[in-house]
Amino acid sequence: MKINTADKFFKWLYVSFLAILVIYVIYFMIVLVLSPKNDFKNRGFVACTKELVMNLGECESGQIGCVLGSFYDDTKCNSKVIFKGFANWLKGKQSAPWSNYIFEPEFQNMSEPLSSEGMKEDMHQIELDRKFMLEKENELEKIKNKELKVQESVIISDPESEVESENDLESEPEDETDFEQNIDDESAIGEISHGDEKAQKIESLPVKKIKADSGKIAEKAKKEVLKQEK
């Protein structure tokens, strides 16, 4: 079976693309490790790294899409730096393709006055940080206001507060009618106690005396009956 020339060409193109992609990924990882992470002039990959940090700071917890998008933007930014260095090398603007991102970093000397460009970059960075902090403060304020509204609605719609108010009303001093009823009840209890005392006194008398008195009363009754018959 003969292989067509078109198949050979596409196979060669596919293998070449994979080889270039692997070489670029390896080179990309090496230069990211070797490149300086801080520089006073924000050269090379330093600006991309700062932008990555800002984008990750805006992502909330659990937002995987936001995190992946931040790394994707960082990859594009780093790739632009690499291709820009290669283009500047072809144009003769720099001595090597990696001169714009592998270099001796410069740090700020506090004894020297800041240049106008450095001041502008610093002011721009400070303004970005200020806006970021304001956005976060506004988000926190909105969350607090929502929580306060929810708490107020719960307190207003809570039936237990109404029950407590009714219980407070019921615990107020009794009315005059209740007071008079209590007095009547106490007097009735007093009468019952007096009746009980009399009964106790009668029961406490000797049995012989009670029989003698009953006999005298019976004789008097008989005499009266005989007088009426005469």
What are the residues in the range 76-104 that are in contact (Cβ under 8 Å) with a residue 40 or more places away in the chain and among the polar types (S, T, N, Q), if any? ASN78, SER79, ASN100
Among (1) among the aromatic types (Phe, Trp, Tyr); (2) under 20 Å from LEU128 (Cα atoms); (3) modelled with pLDDT of 90 or more, TYR27 falls short only on (2)
Being without any contact (Cβ under 8 Å) to a residue 24 or more places away in the chain and either of a type in the set (A, V, I, L, M) or farther than 30 Å from PRO105 by Cβ (or both) is the filter here; which residues of the range 53-65 pass it? VAL53, LEU56, GLU60, SER61, GLY62, GLN63, ILE64, GLY65
Long-range neighbours under 6 Å by Cβ, at least six apart or interchain, first residue in contact (Cβ under 8 Å) with a residue 40 or more places away in the chain within the range 38-50, second of a type in the set (Phe, Trp, Tyr) and part of a loop (DSSP other than H, G, I, E, B): PHE40/PHE107; GLY44/TYR101; PHE45/TYR101
Residue list for the range 59-84, restricted to those being surrounded by 15 or more Cβ atoms within 10 Å (Cβ to Cβ) and polar (S, T, N, Q): SER70, ASN78
Condition broken by LEU56, with the remaining ones in (1) crowded, with 17+ Cβ neighbours inside 10 Å; (2) under 26 Å from GLU135 (Cβ atoms); (3) touching a Ser or Thr at 6+ places or on another chain (Cβ under 6 Å) satisfied: (1)
Using the structure shown, decide if ALA87 is over 41 Å from the mean Cα position of the chain (by Cα), part of a helix (DSSP H, G or I), surrounded by 10 or more Cβ atoms within 10 Å (Cβ to Cβ) and at pLDDT 85 or above. yes
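The values are calculated or read from the model by the stated rules, or taken from the named source; none is laboratory data. Predicted model, so just to flag it, every value in this text is computed and none were measured. Because the Cβ atoms are built from the backbone with ideal geometry, glycine has one as well, and the counts that use them run over all protein chains shown.
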